[in-house]
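To start, the structure itself, in structure tokens.
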Amino acid sequence: MRAYQTQAEKIMKANPAVRSTFTMSGNASFLGSNQAFLIAFLKDPKERLPIDQVAGQLMGGIAGTIPGVVAFLQPNPALEISTGATANAQGQFAFALSGIDPNEVYATAGKMMAKMYEYPGFLFVNSDLYNHTPNLQVDILRDQAKLYGVSETRILTLLHDAYSQNYSYLIKKATDQYQVILEVADDERSAPEDLSKLYIKSDDGQRMVPLNAVTSSRLVIGPQAVNHINQFTSVTMFFNLKPGYAIGPATQFVEKAAKQILPPGIQGSLQGEALVFQNTVSDLAALMLVAVFVMYVILAILYESYLHPITVLSSLPVALLGGLLTLWLFSAEASLYAYIGMFMLMGIVKKNGIMIVDFAEQRVRQGIADDQAIHDASLERFRPIMMTTAAALLGALPIALGYGADGASRRPLGLVVVGGLIVSQFITLFVTPAIYLYLEEFQEKVLDRVPFLRSGGKSAPSPDPALALQEEMGD
């Protein structure tokens, strides 16, 4: 393993796109004995090829020159989705197959892998199935074991204690603690013939029986590890995406391919970050609707009206449409950053409607006509609306341009905010007053006839609206 690491590190350093490297072998607690990872710090994007080409060069160089080594790219984004106990060491996204028959599961996994290679957006596809590993299969000779008085449980326990690094006890000291692990020495269990050196005590404890007297062993080619999901044999396929490809279409392709390939006895499902992202997108859409409903309730209490909150919230669809249109124009994906930008955009744009409607409602309570009140509100609140919008827009502009470390991944957030603010600013300043007047007319002609729906915020008209306006301005 160390020789492979050294060779891989030389290949990495020889690539002109790599600035520096860092390696770690299977001695780490979170890596297997035959695994290692190498972190490559790349140069500035202006000094190297695009990331998909660099990744292809690095992966092809390692896998093509070192026999028996499989290399894959594992990106580390600035914003990650927690996937719990699901490991993503072999890829950012995963799709798992599980079933009762291991041979059927392995055969279906091969067909599924071949289908996934057809999708152009996958940077690489691999799996946790290594089905060409030499294995030693041990079969229990039950008749001989019964003859020697050795139970099957004793045989399984012996093999478990000898080869599985069985944790048996914890020694606690004043300043430290030590785990007692029971196993056969490494040099005594490296060959198949070492099984003949093991002896097992009979159930009555009267004699020691050689293990090869009650078992038989043979070399076979099989999986390196038999993985399980919900106690069923499973194979997990990992994949990463090329720049410019979104996770949504990729997962749709995988699920469509699974419906075509998977037989009735095999189940397939997204795992890890792909599953969490899929659930997160649906949850965020529901959360957005809940947020709009909460805003409506609060505004309805504030204005004592069922309709004027709609006036304030009417600018949200226009802003969100502008943000999504900006993503489409710049070919940016609707990532988790984009959803965060949508929530920010909702708060910023709603503020503009509140400033206009709140000012107009104050004028209406003083007896000024609706059209005059909304006209005064639009004029008086135009400057603060433009100032706050410009401040938010200029603050999000560097994010939209992709400045800073890993700025490309955060770019959708800035694009949503900037595009949504520009579109909403040009439209809502004209649409919001019109919606206000239409809803006010609907309130007077329809809702005020129902006592429960009657608005409680309007007072009797003032005999001199101009005088009321001057009093409010302190003149």
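Under a 5 Å amide H cut-off, with hydrogens placed 1.01 Å from N, N135 pairs with V220, I221, G222 among residues at least 5 apart or on other chains. Comparing H160, S217, F253 along the charge dipole axis of segment 157-300, the residue lying farthest to the positive side is F253, per the Cβ-charge model.
Between the amide H of N166 and those of L182, distances stay under 5 Å, these residues lying 5 or more places away or on another chain, with hydrogens modeled in the peptide plane. With θ taken as phi - 60° and the Karplus curve 6.51 cos²θ - 1.76 cosθ + 1.60 applied, the whole-hertz 3J(HN,Hα) list for segment 183-196 is 6, 7, 4, 4, 6, 9, 9, 8, 10, x, 5, 5, 4, 5 Hz, x standing for glycine and proline. Computed over every Cα-Cα pair of segment 152-290 and binned at 5 Å starting from 0, the pair-distance distribution P(r) comes out as 2, 6, 10, 11, 11, 9, 9, 9, 9, 10, 7, 4, 2, 1, 0 percent. Can you give the Rg to Rh ratio of segment 251-406, both from alpha-carbon atoms, with Rh computed by the Kirkwood formula? Using only Cα positions, Rg/Rh for segment 251-406 is 1.13. Computed from phi, the 3J(HN,Hα) profile of segment 130-141 under the Karplus parametrisation 6.51, -1.76, 1.60 (θ = phi - 60°) reads 10, 8, 10, 9, x, 10, 10, 8, 10, 10, 7, 8 Hz, with x in place of Gly and Pro. Across segment 164-177, coupling constants 3J(HN,Hα) worked out from phi with the 6.51/-1.76/1.60 Karplus curve, θ = phi - 60°, read 10, 6, 6, 7, 10, 7, 10, 8, 9, 10, 5, 10, 7, 9 Hz, and Gly and Pro carry x. Close amide-amide hydrogen proximity is noted between S127 and F238, each under 5 Å apart and 5 or more residues distant or on a separate chain (H modeled in the peptide plane; Pro and chain starts excluded). If you keep only loop residues by DSSP, which chymotrypsin sites (Phe, Trp or Tyr not before Pro) in segment 280-389 have at most 12 other Cβ atoms within 10 Å of their Cβ? Answer by residue number: F330.
Readers should treat all values here as calculations from the given coordinates under stated rules, not as data from a laboratory. This is a predicted model, so every value here is computed, not measured. Methodologically, a virtual Cβ is constructed for each residue, glycine included, from the backbone with ideal geometry; neighbour enumeration extends over all protein chains shown.
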